[in-house]
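Report on the following structure.
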Amino acid sequence: MGCMGSKQKLSKEDLEFLKAHTRYDEATIKEWYKGFRQDCPNGKLTPVKFVDMYKMFFPSGNAEEFCDHVFRTFDMDKNGYIDFKEFLLAIDVTSAGTPEEKLRWAFSMYDVDGNGVIDLQEMTKIVQAIYDMLGTSSPSKPQDSAEERAKTIFARMDENGDNQLTQEEFLKGCLQDEELSKMLNPTAS
């Protein structure tokens, strides 16, 4: 799985960066680091290992497509793996972030091509990945198709009718509709 290598300590500079940019204290960061290094001794979380981890949380569904999108969003420097800093920054936002921070993160996941807006095709792609991840037997999976759901969501959010969602339209639409917010950000707790 590409997780072999040396026992490395968290650098003082990475520790200080994470203390400044997450809601975690030094002891918590060190604890997370210990766990991360156990799972990935070389300090690199690969896409394959990432999918394996997600499958534990969604055993009845197909998490791979969704994981591709989450991985792309976590891999901030686009080098093909997630290092500990990227990992902890993402965990912080997705678990301890404010609703707005979580939605900004979700927006970057939906913006598949990275052009700063979400189109209907991108929305459909992610909604389908969420449906696949939930699996057919999940009680939380909606009854409508991914395409229908994406069109409904999109129409509700696209205030100016230009067939693309800006980050502001996305945030406003989600913050005004709790069900929509939960659906569009399945990593949030």
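Return a yes/no flag: does segment 175-185 have any residue that is modelled with pLDDT of 90 or more and not charged (D, E, K, R).
For segment 175-185, residues modelled with pLDDT of 90 or more and not charged (D, E, K, R): absent.
Looking at segment 96-117, is at least one residue part of a helix (DSSP H, G or I), farther than 30 Å from Glu159 by Cα and not small (Gly, Ala, Ser)?
no
Consider Arg149 against the criteria (1) in contact with an Asp or Glu (Cβ under 9 Å, 6 or more places away or on another chain); (2) crowded, with 18+ Cβ neighbours inside 10 Å; (3) within 22 Å of Thr94 (Cβ to Cβ); (4) modelled with pLDDT of 80 or more: it satisfies all of them except one. Which criterion is unmet?
(1)
Taking interchain pairs and intrachain pairs at least six residues apart, which have beta carbon atoms under 6 angstrom, with the first residue in segment 100-113 and under 13 Å from Ser181 (Cβ atoms) and the second surrounded by fewer than 18 Cβ atoms within 10 Å (Cβ to Cβ)?
Within 6 Å, the pairs are Lys102/Ala188; Phe107/Gln167.
The values are calculated or read from the model by the stated rules, or taken from the named source; none is laboratory data. Keep in mind the model is a prediction, meaning the values are calculated, not measured. Virtual Cβ from ideal backbone geometry, glycine too; neighbours counted across all protein chains shown.
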